[in-house]
Amino acid sequence: MVRSKNNDAYMSATRGLCMRSMMELDQSCSNLREYGSEQSLLSKPDGSSTFVQGDTSILAGVYGPAEVKVSKEIYDRATVEVLIQPKMGLPGVRERAREQCVRETCEAALLLTLHPRSSVTVILQLIHDDGSLLSCCLNAACMALMDAGLPMSHLFCSVTCAISKEGQIITDPTALQEKESRALLTFAIDSVECNVLMSSTTGSFSVQELQQCIAISQKASEQIFQFYRDSVKRRYSKIK
Amino acid sequence: MLFLHFYCENKSFSRSRKYTNTGRSRCFLAMDTIHACFKEKIGEVLLPGDVFSFRLSESGDGSIKTEKIICGPGLRRNGEEVQVCKSGILRHKQPNMYWIDSQQRRYVPAKGESVIGIVTAKSGDIFKVDVGGSEQASLSYLAFEGATKRNRPNVQVGDLVYGQFTIANKDMEPELVCIDSCGRANGMGVFGADGLLFKVSLGLVRRLLAPQSEIIKDLEKIFPFELVVGMNGRVWVKAKTVQQTLIVTNLLETCENMTSQQRQTLFKRVAEGFL
C-alpha cells in the first residue's frame, strides 16, 4: 500500500499519525528532514507501521510471538528474524548486511526471555530510497514493534550522519548528499540513557569526527523519541 | 474479568514473594511515595523504557511501612524500579493494582483464561488445539464432562472448543481443560455446529467481557443472537439467519475504533434498516 504525498491523506487520527516539519537545534547543524509515521495500517500482521524521512519511506510489519521451526528455536529466548525486501528484485548481500544491523538492535531492545521457543519476525519493505535508508528501517521497525505490543526494555531510534569532503557534518542526508560525502555513519540510540546500541559506518573519518557525530545523533534522537511519544498518545487518544 | 495474567519479576530482593491461586505475584515494596509516583501517571500514555523508581524512606524510628502493589501486564519490576515494557495507558484499580492497557492482536496464553480453540490433531490420549499463541495447546480427552476411558468425547479435527488454561507459562506447553474444578462443564466443551468464527483485537474482547459491557447491551437491542467470546481474540456468533450473523460480525469488527456515540448511532441505523 503506497500513500500519496498529500497532507490530508497523512492526517488520519484513527491510525495515530504525526508529522513534524524541519527542526533546527542550537548551533549544531542537526537538521532532520520532515518525518512522519503511521501505525496499525495493515490488518494481517500483529503490528505494522510506516516511517517516512523526507522522501525515504519504509513499511514495516511484525509477527510475534509466533511458532518457530524446531531448527531455529532457542530454548530460553525468542528468535528474531528480519527480512528487508528491496523495491525491485530479490534481496541481496546489501540487504543481508542491513538485516543483521536491524536484528542486533531489536534483540538488544526486546525482552526476549519472556517468550522462549517462539519467533519474532520483522519484515521491512522498501518503498522509496532517498538516503538514510538504514535509519529509516530502524525507526520503522521500532514503531512496528511498539504497535505489536511486544515487551521491550527501552525504545530505539536511528540517525545517519554524512561527513562531506570539506569536513562538514550533515544529519539525515539525501541520496545525493550521501554520494558526495566521504564518510557515512549510522547510529542506533536507546531511549533511556541515550547510549549507542549499534553503529554502521563507511568511509574514512577521524576520532574527533566520530565523537562529534555521536553527540549530534544523541541530540537529534531526543526529537525522534518525543515524536514517538506524540504518535502513540495520538493513537490512544480515541480509546480513552 | 479484565485481565488475568501478571508479570512480576523478583530479583533477589529481601522481601518475600507469594503466589496466590490465580497465579498473581505480589511485590512488597516499602514506601510512602509509591502510590504517589504511580498516581501522577494514571490515565497517561507511557512508552517502554519509562521507569518508576522508589527510594527507601529513612524514617526516624527505624520502622518501615510496607505497602503491597500488584503490577499487572506491561509493568516489570527491576530491583528497586518498576519499568514499563509495553506502550499504552496506565490504569488503576482500587486498592493497589496497576497495569498498562495496551492494544494488541497477538494472544499470549495465561493461566485461568477461557479461550476458543480449533482442534488440529488427535494423537493418542490428547488433542492438539490451536489457540492463536506461539505454541499449540494440548487437551486431554479425559478433560470433558462425563468422559472416561471407555466413554470418549466426540471431538473431531476442525471442531471448536471453549476451554480454560490449567497450565500456561512461558516454559511449558499450554494445557487446556473443558471442565471446572468440580468436574462440571459449565459452558465449556465442543460447540459451534453453525455460526461464524472471526478474530478481533484483544482490547475489544476485554471490553466485551467486562461486567456491564455497553457494546453487548447495545447489540442486544437489535436482534437476538448467540455469542461466544474467547480471550484469545476469537469470537463466535450465531443468529437466526446467515444475514443476521454477518451483520453482527461486521458491527463487532467495526465498532472497535469508534467512540460510544458513533457506535450507538451506527447500531440505531442498523436496527431501523433491519426492521
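The values are calculated or read from the model by the stated rules, or taken from the named source; none is laboratory data. Since we're looking at a predicted model, the values are computed, not measured. Because the Cβ atoms are built from the backbone with ideal geometry, glycine has one as well, and the counts that use them run over all protein chains shown. Quick note on the areas: whole protein, heavy atoms, side chains included, nothing else; ligands and nucleic acids left out. Shrake-Rupley method; radii C 1.70, N 1.55, O 1.52, S 1.80 Å.
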*Using label points projected 7 Å from each Cα along Cα→Cβ, tell me how many nm separate B:L196 and B:Q156, to one decimal.*
2.3 nm
*Cα to Cα, under 17 Å, and not fewer than 8 places away if on the same chain: which lysines meet these conditions relative to A:K87?*
none
*Between the helical axis of A:133-148 and the dominant principal axis of chain A, each derived from Cα atoms, what acute angle in degrees is found, rounded to the nearest 10?*
30 degrees
*List the relative contact order of chain A as a percent without decimals, with contacts defined as Cα pairs under 8 Å and 6+ residues apart.*
20 percent
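Which of the pairs A:K44/B:K111; B:K128/B:K170; B:K93/B:K170; B:K240/B:K268; A:K238/B:K238 have their Cα atoms more than 22 Å apart in this structure? Mind showing how you got there, number by number?
Values: A:K44/B:K111 26 Å; B:K128/B:K170 18 Å; B:K93/B:K170 26 Å; B:K240/B:K268 20 Å; A:K238/B:K238 30 Å.
Pairs exceeding the cut-off: A:K44/B:K111; B:K93/B:K170; A:K238/B:K238.
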*asked:* Going Cα to Cα from B:K39, which aspartates and glutamates come in below 19 Å? Please leave out same-chain ones fewer than 8 positions away.
replied: B:D50, B:E67, B:E80, B:E81, B:D101
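Give the average, rounded to an integer, of partner chain Cβ atoms located within 10 angstrom of each Cβ in B:255-265.
Working: counts 0, 1, 5, 2, 3, 0, 0, 0, 0, 0, 0.
Mean partner-chain Cβ count within 10 Å for B:255-265: 1.
Which percent of the accessible area of the stretch B:196-272 is formed by carbon and sulfur heavy atoms (probe 1.4 angstrom)? Each step should come with its number before you reach the end.
Values: 2120 of 3900 Å².
The nonpolar share, carbon plus sulfur, comes to 54 percent.
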*What residues qualify as long-range amide H neighbours of A:H115, i.e. H under 5 Å apart, gap of 5 or more or another chain, H built at 1.01 Å from N?*
A:A78
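Could you please tell me the mean projected area of the C-alpha convex hull for the stretch B:196-272, averaged over all directions and given in square nanometres to one decimal?
On the way: hull surface 18.4 nm².
It is 4.6 nm².
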*Write down the radius of gyration of chain A and its Dmax, each obtained from C-alpha positions, in Å.*
17.4, 54
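Less than 12 Å Cβ to Cβ from B:Y107, Lys/Arg counted +1 and Asp/Glu -1: what total charge do the surrounding residues give?
Numbers: positive: B:R105, B:R106, B:K199, B:R206, B:R234; negative: A:D46, B:E113, B:D130, B:E135.
Charge balance in the 12 Å sphere: +1.
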*Range of Cα positions in the stretch B:113-191 per principal axis (Å), largest first*: 32, 25, 20
*For helix A:93-109, report the angle its Cα long axis makes with the longest principal axis of the Cα atoms of chain A; keep it between 0 and 90° and round to the nearest 10°.*
70 degrees
*With every protein chain left in place, what is the accessible area per residue of chain A in square angstrom, probe 1.4 Å?*
44 Å²
*Would you list, by chain and number, the aspartates and glutamates whose Cα falls below 19 Å from the Cα of B:K217, excluding same-chain residues fewer than 8 positions away?*
B:E226, B:E253, B:E256, B:E272
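What is the sum of charges around B:A168, taking Lys and Arg as +1, Asp and Glu as -1, for the other residues whose C-beta is under 13 Å from the C-beta of B:A168? Please report the intermediate quantities before stating the final value.
Values: positive: B:K111, B:K170; negative: B:E113, B:E135, B:D171, B:E173, B:E175.
Local net charge: -3.
Would you mind giving the mean number of other chain beta-carbons within 10 Å of the Cβ of each residue in B:124-133, as a whole number?
Details: counts 0, 0, 0, 0, 0, 0, 1, 0, 1, 5.
Neighbouring Cβ atoms belonging to other protein chains average 1 per residue here.
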*What is the mean number of Cβ atoms from other protein chains located within 10 Å of the Cβ atom of each residue in peptide A:113-119, rounded to a whole number?*
4
*What is the interface area between chains A and B, defined as buried accessible area summed over both chains with a 1.4 Å probe, reported in Å² to the nearest 100?*
2900 Å²
